[in-house]
Amino acid sequence: MSKNRFDYTKYKPFQPIGLKNRRWPDQVITEAPTWCSVDLRDGNQALIEPMTVTQKKKMFELLVEVGFKEIEVGFPSASQPDFDFVRSLIEEDKVPEDVTIQALTQARPELIQRTFESLKGARKAILHLYNSTSIVQREKVFKTDKAGIIEIAVAGAKEVKRCAESQPETEWVFQYSPESFTGTEVDFAVEVCDSVNEVWQPTPDKPSIINLPSTVEMATPNIYADQIELFCRSIKNRDSVIISLHTHNDRSCAVAAAELAVMAGAQRVEGTLLGNGERTGNMDIVVMAMNLYSQGINPGLELYDMDRIVSTVRECTQIDVHPRQAYSGDLVFTAFSGSHQDAIKKCLDIYEEGSTWEIAYLPIDPRDIGRTYQDVIRVNSQSGKGGVAYVLSNKFGFLLPRWLQIEFSQVVQKVTETTGQEIHPDEIWELFNQHYLDNKKVLSLENFTIEKSEGRETFKAHLDYFGKNLAISGEGDGVLDAFVEALKKAINIDFEIMEYGEHALGQGADAEAVTYIQIRCDGRRYSGVAISKDIIASSLNAFMGAASQLLDEQQAAA
Ligand code: KIV
Ligand code: ZN
């Protein structure tokens with residue numbers, strides 16, 4: 001068979017590690033891990049234009065405000081701007097008491113020394129050492145064997161220890177990453193990390209951080225979880241080690257991988273706000289934290305001002321957030337589809353403030369992250385009656401009865417189908433006005449009187465009927481009854497009231513009444529809506545609206 005250009009046979013499947021009796025699938029996450037932001041290091045390294053000092057300061061302030069207690073602030077031995085930024089944070093005393101800054105270094109003595117130099121004077125710092133351990137990196141990049149890799153790591157660890165001892169004014173935490181961990185045999189990764197820890201001698205009171213990166217996401221998230229569980233089971237002195245995760249998003253599963261790996265025993269997670277980072281990005285900490293939040297777990301980060309997070313990240317990275325990005329995207333709490341709108345409206349109508357959130361199609365309350373219900377339902381040609389009704393009720397206070405929702409949504413749909421575009425709430429309101437409230441009526445009420453005697457109402461009125469004055473009078477059990485009776489006699493048309501609804505618009509002394517009426521004549525239905533300070537006038541005028549439609553139609557047919 002000749003090979004074509006789209007040739008999957010040149011790839012090989014990732015080999016599962018064959019973990020027996022895995023325990024992670026039965027675990028449930030009940031608390032947030034320790035978060036470490038790598039926006040200013042991994043995120044920054046991946047930008048077309050790395051952040052300026054001003055942008056880095058803005059980003060750092062945001063990270064502190066959001067509540068990160070560990071922040072990787074740069075790769076000072078690889079970049080002078082990073083070195084200067086770290087210095088400015090320390091010299092300008094910009095690091096809050098409860099925040100620890102972290103700096104990355106390769107495992108080479110001169111680079112380690114330069115990193116320590118950048119951190120001089122820090123109250124507390126995490127020194128993050130890494131070297132690559134995967135099969136591909138060993139065989140193709142470094143052209144060295146396992147022993148060679150261990151030698152690099154151990155020499156680096158020794159240099160870190162030596163430098164730290166010469167800067168005792170700083171409280172040091174040591175972190176080691178076997179970079180490209182996901183492509184490394186787990187037993188070898190354990191061997192390297194044990195060797196590093198042998199140098200550092202961590203204790204339960206002064207643990208080291210072992211960060212296990214999915215530098216490249218190579219397999220399904222369950223495989224990463226297996227790797228983490230096996231690593232956790234195998235590493236020596238587990239209680240003296242904090243297991244940290246650092247996932248990239250090559251297969252779009254960085255969050256899932258981190259979640260399963262936390263179930264597998266990891267305690268700490270590195271990532272970036274909104275997922276900026278090398279290639280497809282680092283794990284989006286906003287998503288993972290909000291996933292916890294939506295399960296009723298305190299995420300340990302304050303993400304309520306999502307718009308500020310989005311705008312600051314955009315300003316610093318010059319990367320837009322996709323409108324469908326989980327939680328932070330502009331459209332993620334918006335329903336266009338009619339059935340979704342209907343379900344959301346029904347749930348929201350019965351939702352009581354303070355009760356458990358159970359709203360169809362909305363995993364969280366948009367207001368929790370500064371979005372409003374107004375954004376939830378937007379109307380285009382895919383929308384149904386629920387969306388239109390939601391807009392009229394939420395923005396304008398009109399609680400349309402179901403029959404009118406159905407009727408008016410067809411009016412709206414005609415417009416959206418013609419334009420092919422979304423329709424703004426103000427345009428929906430305009431259409432509603434044109435159709436029911438401000439339309440020219442061939443029948444209207446000039447004045448009326450009502451007399452009551454022995455439980456019966458006598459209704460007398462003057463109407464404008466096709467521009468002529470028409471006096472009517474009738475009797476009934478109620479005002480509307482008497483009015484209908486009077487009108488039927490006067491214009492000689494038989495009709496019946498099929499639907500009637502009314503409610504107050506607004507509150508207090510200024511509240512008006514709105515009435516919705518539907519009448520039927522010869523099997524056809526006609527609707528009217530009216531607003532008035534007086535409930536009787538509002539009913540009668542709504543009726544006039546419906547009757548005018550009927551008369552209009554009859555005149556047009558004549
Ligand atoms: O992705 C990665 O492996 C890294 C390491 C340096 C931790 O960024
Ligand atoms: Zn990374």
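What the table below lists for this structure:
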{"quantity": "Residue under evaluation residue 21, criteria (1) on the phi > 0 side of the Ramachandran plot; (2) in contact with a helix residue (DSSP H, G or I) (Cβ under 9 Å, 6 or more places away or on another chain), criterion not met", "calculated": "(2)"}
{"quantity": "Scope the range 165-185; condition open to solvent by less than 10 Å² (accessible area, probe 1.4 Å) and not polar (S, T, N, Q); matching residues", "calculated": "176, 178, 181"}
{"quantity": "Qualifying residue in the range 382-400 (condition: open to solvent by 40 Å² or more (accessible area, probe 1.4 Å), among the small types (Gly, Ala, Ser) and closer than 30 Å to residue 528 by Cα)", "calculated": "no"}
{"quantity": "Output for the range 188-215, where each listed residue is among the hydrophobic types (A, V, I, L, M, F, W, C) and either surrounded by fewer than 20 Cβ atoms within 10 Å (Cβ to Cβ) or assigned to a helix (DSSP H, G or I) (or both)", "calculated": "188, 189, 190, 192, 193, 196, 199, 200"}
{"quantity": "Qualifying positions in the range 502-513 - open to solvent by 60 Å² or more (accessible area, probe 1.4 Å) and modelled with pLDDT of 90 or more", "calculated": "502, 504, 512"}
{"quantity": "Given (1) open to solvent by 80 Å² or more (accessible area, probe 1.4 Å); (2) closer than 30 Å to residue 391 by Cα; (3) among the acidic types (Asp, Glu), index of the condition residue 499 fails", "calculated": "(1)"}
{"quantity": "Subset of the range 126-158 (residues that are more than 16 Å from ligand 1 (Cβ to nearest atom) and β-branched (Val, Ile, Thr))", "calculated": "144, 150, 154"}
{"quantity": "Residues satisfying the stated conditions in the range 409-437, i.e. farther than 23 Å from residue 545 by Cβ and without any contact (Cβ under 8 Å) to a residue 40 or more places away in the chain", "calculated": "416, 417, 418, 419, 420, 424"}
{"quantity": "Residue list for the range 526-538, filter: in contact (Cβ under 8 Å) with a residue 60 or more places away in the chain and surrounded by fewer than 23 Cβ atoms within 10 Å (Cβ to Cβ)", "calculated": "527, 531, 536, 537"}
{"quantity": "Only one of 88, 77, 37 that is within 16 Å of ligand 1 (Cβ to nearest atom), of a type in the set (Ser, Thr, Tyr), farther than 29 Å from residue 220 by Cβ and at pLDDT 95 or above", "calculated": "77"}
{"quantity": "Residue among 102, 80, 106 that alone is open to solvent by 10 Å² or more (accessible area, probe 1.4 Å) and within 16 Å of ligand 2 (Cβ to nearest atom)", "calculated": "106"}
{"quantity": "Residues located in the range 46-73, provided they are acidic (Asp, Glu) and surrounded by 16 or more Cβ atoms within 10 Å (Cβ to Cβ)", "calculated": "70, 72"}
{"quantity": "Residue within the range 48-61 that is of a type in the set (Phe, Trp, Tyr) and under 30 Å from residue 256 (Cα atoms) present", "calculated": "yes"}
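The values are calculated or read from the model by the stated rules, or taken from the named source; none is laboratory data. All of these numbers come straight from a predicted model, not from anything done at the bench. Note that each Cβ is placed from the backbone with ideal geometry, even for glycine, and that neighbours are counted across all protein chains shown. Heads up: the accessible areas ignore ligands, DNA and RNA and are worked out on the full protein's heavy atoms, side chains in. Shrake-Rupley method; radii C 1.70, N 1.55, O 1.52, S 1.80 Å.
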